[in-house]
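This is the structure, below, for whatever I ask next.
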Amino acid sequence: MKRSHLWIPACFALVAGLLVFMAFDRRGAHWLLVWPAANCAAVAAAYFRSGGGVFGKRADGSRSEVVVAWMLPFLTVQYLTWRLQVLVSPENCFDEASPGVFVGRRPLPGEHPAGLDLVVDVTAEFAKPAYHPAGVGYAALPTLDAYVPEPAPYAALLAQAAAARVVLVHCANGHGRSAAFAAALLVKKGLAKDVDEGLALVRKARPACRLNPAQRAAAQSVSA
């Protein structure tokens, strides 16, 4: 059920193969391409094994410095790509799916909703930002794009979020991982009867949100 989007690891594997080919074909300084190739291969493999752990992110939002150094080429390209997406996107940073439940992309400085009690970060590729608002709770559930978390930490964080009055759930762009968690949260808080109704509320506020079958099944399972 975690492999609805096999094209994602397939693309990373393809890029890894192309980079290795270029390194062996051109040699010299091109041997440096083996480093980002290994990063891409590691991310592709993570979709079948370690999930969000490939970037070394912990539940408190910190990351292993050793892993960050190793994955630096991939993380650099990923971050620059994300900043470009934010720059050109017409979407809000976040939208309110139901009173007290916000869903959106990773906030930039000054973009958090007012009155927040808790930020739920379901990205695997970003660390907790240094500009996180003082006095606001933070919890991470490191999850790869289009992937789903393990059931136990998913359910535990869902219960924590349901107890908070005002919550912001975010992933990178606020379309898949965050939408799945927010839909399950609306069920857990009694604001929707099931994940489909919860997703309808999320999509009414943020129309670009979509869930793949694995995300929907996982959200339904932990919210039941």
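Each value in this text was obtained by applying a stated rule to the coordinates, not by laboratory testing. All figures in this text were calculated on a predicted structure; none of them were measured in a lab. Methodologically, a virtual Cβ is constructed for each residue, glycine included, from the backbone with ideal geometry; neighbour enumeration extends over all protein chains shown.
Would you confirm, using the coordinates I've provided, whether Y147 is closer than 22 Å to T81 by Cα and under 14 Å from the mean Cα position of the chain (by Cα)?
Details: closer than 22 Å to T81 by Cα: yes; under 14 Å from the mean Cα position of the chain (by Cα): yes.
Against the criterion (closer than 22 Å to T81 by Cα and under 14 Å from the mean Cα position of the chain (by Cα)), Y147 qualifies.
Could I ask something else about it? Just name the residue that is farthest from G176 (Cα to Cα) out of those in the stretch 120-144 that are under 13 Å from the mean Cα position of the chain (by Cα) and among the β-branched types (V, I, T). First the steps, then the outcome.
Initially, the stretch 120-144 is screened for residues under 13 Å from the mean Cα position of the chain (by Cα), giving 120-128, 139-144.
Still in the running and among the β-branched types (V, I, T): 120, 122-123, 143.
Values: V120: 14, V122: 10, T123: 11, T143: 11 Å.
Applying the filter and picking the extreme gives V120.
Regarding the stretch 155-174, can at least one residue be identified that is touching a helix residue (DSSP H, G or I) at 6+ places or on another chain (Cβ under 9 Å) and among the basic types (K, R)?
No: zero hits.
I8 is checked against (1) in contact with a Ser or Thr (Cβ under 8 Å, 6 or more places away or on another chain); (2) assigned to a helix (DSSP H, G or I) and fails just one. What number does that condition carry?
(1)
Conditions tested, residue by residue: (1) among the hydrophobic types (A, V, I, L, M, F, W, C); (2) closer than 26 Å to L158 by Cα.
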| residue | (1), (2) |
| --- | --- |
| D25 | no, no |
| V34 | yes, no |
| A41 | yes, no |
| R58 | no, yes |
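With the requirement that a residue be under 15 Å from the mean Cα position of the chain (by Cα) and of a type in the set (S, T, Y), what does the stretch 73-102 give you?
Of everything in the stretch 73-102, those that are under 15 Å from the mean Cα position of the chain (by Cα) and of a type in the set (S, T, Y) turn out to be Y79, T81.
Output yes when any residue across the stretch 88-104 is of a type outside the set (S, T, N, Q) and more than 30 Å from L191 (Cβ to Cβ), and no when none is. Show your work before the answer.
Residues of the stretch 88-104 of a type outside the set (S, T, N, Q): 88, 90-91, 93-97, 99-104.
Checking the rest, the ones that are also more than 30 Å from L191 (Cβ to Cβ) come to 88.
Within the stretch 88-104, one or more residues are of a type outside the set (S, T, N, Q) and more than 30 Å from L191 (Cβ to Cβ).
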